[in-house]
Each structure stands twice: as C-alpha cells, then as structure tokens.
Amino acid sequence: MMHTRRAHEREPAPSPDGSYRAVTLINRGPLGIVVWAGALAPAAAGKADEDIEAADYHSRMAVSFMSWRDVLDYFQASPFAPLIERAMARSRRADAAALPPDRDAG
C-alpha cells in the first residue's frame, strides 16, 4: 500500500504544552510496518518525513504490524486515526506521482 519509506503527519495546531499529536509510519518492506504515535516536540514540527526520529517525540508508542490493514484496524478508534489515514493518503499520492507514465495508455 505504501511504497515510500516513511510517512509522517501531525496536527496543525499544538497542544497547550506546545507539542503536536503526530504519527510516523515506517515502511520496512517484508519486515512490516512500524508506527510511532504520540506527542511530537515543537522543535521537530517542521522536519521532513525522513528526518523524524524517535527522539523527536516527547512521548510515543511504537507498534509493529505486518499489514496495512492491521495498522488501520488498530488505530481505528484512537485519536490518531485521522493522522494515520492522512499519512497513508499522502504517501499514496507521492507513490503515484513517482510512477512512470503508463506506456500502453491511449
């Protein structure tokens, strides 16, 4: 589902302590997916997806999955669900933009 190595999303507005609710999805190919979900430090808010590190989170949970469906199911009822969906959608758009044009079309 996600071919990019890493996707990251955060809430646009910080919480009262200045941190941001955020998720980072790390695609490990055949080894599965790792998801970090938690409070992103304010200093990391502008970092690129590939530059986000575990230490950028004030607090986080790290959960491993073998399928993208499992990621969606696990976070379905959590406050991180919209962030997971946005990160996956943005990754799909980036993947689609990176594909070569279909030579058989039209």
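Going by the structure shown, is residue 73 assigned to a helix (DSSP H, G or I), at pLDDT below 90 and of a type in the set (Asp, Glu)? Against the criterion (assigned to a helix (DSSP H, G or I), at pLDDT below 90 and of a type in the set (Asp, Glu)), residue 73 does not qualify. The set of residues in region 5-15 being open to solvent by less than 50 Å² (accessible area, probe 1.4 Å) and out of contact with any Lys or Arg (no Cβ under 9 Å at 6 or more places or on another chain) consists of 6 alone. Of the listed requirements (1) under 19 Å from residue 15 (Cα atoms); (2) surrounded by 19 or more Cβ atoms within 10 Å (Cβ to Cβ); (3) modelled with pLDDT under 95, residue 91 misses just one: (1). Checking every residue in region 49-72 against the condition of being in contact with a Ser or Thr (Cβ under 9 Å, 6 or more places away or on another chain) and touching a residue at least 60 places away in the same chain (Cβ under 8 Å) gives zero matches. For the condition surrounded by 15 or more Cβ atoms within 10 Å (Cβ to Cβ) and in a helix (DSSP H, G or I), residue 85 qualifies.
Being open to solvent by less than 60 Å² (accessible area, probe 1.4 Å), touching a Pro at 6+ places or on another chain (Cβ under 7 Å) and of a type outside the set (D, E, K, R) holds for only one residue in 18, 38, and it is 18.
Sort out which residues of region 27-43 are of a type in the set (A, V, I, L, M, F, W, C) and assigned to a helix (DSSP H, G or I), and write them in order of number.
Within region 27-43, the first condition is being of a type in the set (A, V, I, L, M, F, W, C), and the residues that meet it are 31, 33-37, 39-41, 43.
Within region 27-43, 31, 43 qualify.
Residue 29 passes every criterion in (1) more than 18 Å from residue 94 (Cα to Cα); (2) under 15 Å from the mean Cα position of the chain (by Cα) apart from (1).
Can you find, within region 44-69, the residue that is least open to solvent (accessible area, probe 1.4 Å) among those that are part of a helix (DSSP H, G or I) and modelled with pLDDT of 95 or more?
44
Taking first residues from region 17-42 that are free of Cβ contacts under 8 Å to residues at least 24 places away in the same chain and partners that are among the charged types (D, E, K, R) and open to solvent by 10 Å² or more (accessible area, probe 1.4 Å), the Cβ contacts under 6 Å between residues at least 6 apart in sequence or on separate chains come to 26/6; 38/60; 41/56. Of all positions in region 50-70, none carries a residue that is among the polar types (S, T, N, Q), within 16 Å of residue 88 (Cα to Cα) and touching a Phe, Trp or Tyr at 6+ places or on another chain (Cβ under 7 Å).
The values are calculated or read from the model by the stated rules, or taken from the named source; none is laboratory data. What you see is a predicted model; the values in this text were computed from it and never measured. FYI the Cβ positions are ideal-geometry reconstructions off the backbone, even for glycines, and counts take in every protein chain you see. Surface areas here come from the heavy atoms of the whole protein model, side chains and all, with no ligands, DNA or RNA. Shrake-Rupley method; radii C 1.70, N 1.55, O 1.52, S 1.80 Å.
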